[in-house]
Amino acid sequence: FTVILILCYHSKSFFLVNHQIYRYNHFMKRTLVISTPENVGKSILLKGWVNSVRGHGKLVFFDLRDRSGLVQVIAENLDVVLKPEYVIAVTGKVVKRPGKLANDKLETGQVEIQAKKIDIITQSKELPIPVTGDGHDINEEMRMKYRYLDLRRPRMNRNIKTRSKTVKFIRDYLTNHDFVEIETPILTKTTPEGARDFLVPSRLQAGKFYALPQSPQQYKQLLMVAGFERYFQFAKCFRDEDPRADRAYGEFTQLDIEMSFVTQEDILQLTEKMFTSLVKEIFPEKKIQQTPWPRISHSEAQKKYGSDKPDLRKDKKDPNELAFAWTLDFPLFNKQSKEDYFHGSGNAQFAPSHHMFTSPHPDDVHLLDKDPLKVRGLQHDLVLNGFEVGGGSIRIHDSKVQEKIFELIGFTKEQKQEFTHMLTAFQYGVPPHGGIAPGIDRLLMVLYGEPNLREVMAFPTISSGQTAVLNAPSIPTPEQLKELHLKSIK
């Protein structure tokens, strides 16, 4: 009974003390670290993480970190033990640092906080990975397992915040140019478009599967039929392809743009102006090497550089030099090989160079029946520092031409029926249209000179196909498989 009374007394005391802390912190407005220089001489409340601790007896110096930056705090004779990554609340006075002790490397380096009160909100165990440094020397699987810690490092924090600013800039730019942002379905239909689909079984329709979109290609063309004329979205695309440094496994984000009543020149001009403005606004330290951007034919690029995405920088060691360029006049077809992931009849000689909806060059249409490999496509690839960061084309809007392309790539009658929805829609007044789809992940990777796409994505998949942190894919339960009318075969 005595023990219970003692416990109750201490519990009550703990509640009262913490209630007072809550009341004090609740009614005192929190100040962000970045605003501390504006509050010299004032008492403020800061909340964040302990970035580092330096002790000198009863005098302790530590850096406090929040979403806006770092500031130095001085704690003297305060009965509190701090460790890195503790989450704390600090009440203190903002004072100017002596001239010789100012830190010009920090935006808050001219001031420091004299702590009057420190409350520990939550403690932190010793971290499994460091969150200082650039992180490139840490095992990637560990970084992905503890991605929520990895994202605390300044480089990663900067990358994700810059990604947000980039997306906002593009959204505002296109909206101001009369584009409509439209979301298209994620659960869609599997069609033979060149890469492996991710399939999703249907519970309600046994034996049938949805496919995750490789791109919104057919939907955006149908939106042109619908009369929207100017469409965009930041689309999630899913392809079951082998990963590499500049291509993420599973999913990636592309800026999808489509326009009606345009020429290829219109698309190139819009893209060039938008990204030039983007660089000036978001990446002012970067310099675009040449404006207007150079335009190179596919044959010239291969002959001169041995690549259709040449690196045209004059000084390839300069990370702030941006060499944008266009590669044009691609062949409409390549010779089909066993490596082409197309589901043709097996007798076809041709595979699309870009995709099966790319319009042939008007001067070469007559060659479709004579010599298809000499037909140029109205395709355009956006190249930056040796990487393809976007691709697009003028689309086919003539059903007869589309049927001819299907025939040349070896589609059977049954496979053509997979596109009946498009061919039917094209019977009701389809405008000429075209577009482009820059990859947001790859663009940012190149702009920041990162070694792979995963450095600009919050929760990417690793090379084995596993998703960061959550360890997906996982094994479904027998009950789940039964609901989906599936069996797992070893």
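Determine whether region 174-187 contains at least one residue that is within 18 Å of the chain's Cα centre (by Cα), in a helix (DSSP H, G or I) and of a type in the set (Ser, Thr, Tyr).
no
Of the residues that make up region 145-152, is at least one of a type in the set (A, V, I, L, M), surrounded by 15 or more Cβ atoms within 10 Å (Cβ to Cβ), within 20 Å of the chain's Cα centre (by Cα) and not in a strand (DSSP E or B)?
Yes.
Six or more apart or on different chains, Cβ atoms under 6 Å: show the pairs whose first residue is in region 297-312 and closer than 15 Å to Asp329 by Cβ and whose second is in a helix (DSSP H, G or I).
Going by the 6 Å Cβ cut-off, the qualifying pairs are Asp308/His298; Asp308/Ala301; Pro310/Ala301.
Being in a strand (DSSP E or B) and surrounded by fewer than 17 Cβ atoms within 10 Å (Cβ to Cβ) is the filter here; which residues of region 41-59 pass it?
Result: Ser43, Ser52, Val53, Arg54, Gly55, His56, Leu59.
Restricting the search to region 190-222, which residues are under 24 Å from the mean Cα position of the chain (by Cα) and of a type in the set (A, V, I, L, M)?
Answer for region 190-222, where residues must be under 24 Å from the mean Cα position of the chain (by Cα) and of a type in the set (A, V, I, L, M): Ala195, Leu199, Val200, Ala211, Leu212.
Can you work out which of the residues in region 449-471 that are modelled with pLDDT of 90 or more and within 16 Å of Phe238 (Cβ to Cβ) is surrounded by the fewest Cβ atoms within 10 Å (Cβ to Cβ)?
Only one residue fits best here, namely Phe459.
So if I check each of Thr188, Thr166, which one is more than 23 Å from Gly69 (Cβ to Cβ) and not aromatic (Phe, Trp, Tyr)?
Just one listed residue meets the conditions, Thr188.
Looking at this structure, is Thr175 open to solvent by less than 50 Å² (accessible area, probe 1.4 Å) and closer than 15 Å to Gln233 by Cα?
When the stated conditions are applied, Thr175 does not pass them.
Give the number of residues within region 180-216 that are touching a residue at least 40 places away in the same chain (Cβ under 8 Å) and aliphatic (A, V, I, L, M).
5
Hey, can you tell me all the residues within region 194-217 that are open to solvent by 40 Å² or more (accessible area, probe 1.4 Å), in contact with a strand residue (DSSP E or B) (Cβ under 9 Å, 6 or more places away or on another chain) and assigned to a loop (DSSP other than H, G, I, E, B)?
Arg196, Phe198, Gly207, Lys208
Return the residue satisfying two criteria in turn: it lies in region 113-136 and is among the polar types (S, T, N, Q) and assigned to a loop (DSSP other than H, G, I, E, B), and of such residues it is most open to solvent (accessible area, probe 1.4 Å).
Selected residue: Gln123.
Where in region 391-448 are there helices (runs of 4 or more DSSP H), lying wholly inside it, with at least 1 residues that are surrounded by 20 or more Cβ atoms within 10 Å (Cβ to Cβ) and modelled with pLDDT of 95 or more?
The helices (runs of 4 or more DSSP H) meeting that bar are 440-447.
Across region 449-477, what is the total count of residues that are among the hydrophobic types (A, V, I, L, M, F, W, C), within 24 Å of Lys287 (Cα to Cα) and touching a Pro at 6+ places or on another chain (Cβ under 9 Å)?
The qualifying residues number 1.
Identify, by number, the condition in (1) in a helix (DSSP H, G or I); (2) at positive phi that Ser277 doesn't meet.
Just one mismatch for Ser277, condition (2).
Looking only at region 103-141, how many residues end up being at pLDDT below 95 and among the small types (Gly, Ala, Ser)?
1
Is at least one residue of region 65-87 surrounded by fewer than 10 Cβ atoms within 10 Å (Cβ to Cβ), more than 29 Å from Tyr148 (Cα to Cα) and at pLDDT below 95?
Yes - at least one qualifying residue is present in region 65-87.
From the set of residues in region 178-193 that are surrounded by 13 or more Cβ atoms within 10 Å (Cβ to Cβ) and among the aliphatic types (A, V, I, L, M), which is farthest from Met259 (Cα to Cα)?
This residue is Ile186.
In region 255-279, how many residues are within 15 Å of Tyr173 (Cα to Cα) and open to solvent by 10 Å² or more (accessible area, probe 1.4 Å)?
Adding up the residues that qualify gives 6.
Just checking, does region 103-111 include any residue being open to solvent by less than 20 Å² (accessible area, probe 1.4 Å), more than 27 Å from Gly133 (Cβ to Cβ) and assigned to a strand (DSSP E or B)?
Looking for residues that are open to solvent by less than 20 Å² (accessible area, probe 1.4 Å), more than 27 Å from Gly133 (Cβ to Cβ) and assigned to a strand (DSSP E or B), one finds none in region 103-111, hence no.
The values are calculated or read from the model by the stated rules, or taken from the named source; none is laboratory data. The model shown is predicted, which means the values in this text are computed figures rather than measured ones. All Cβ positions, even for glycine, are placed from backbone atoms using ideal geometry, and neighbour counts span all protein chains on display. Please note that ligands, DNA and RNA were not included when accessible areas were found on the heavy atoms of the full protein model with its side chains. Shrake-Rupley method; radii C 1.70, N 1.55, O 1.52, S 1.80 Å.
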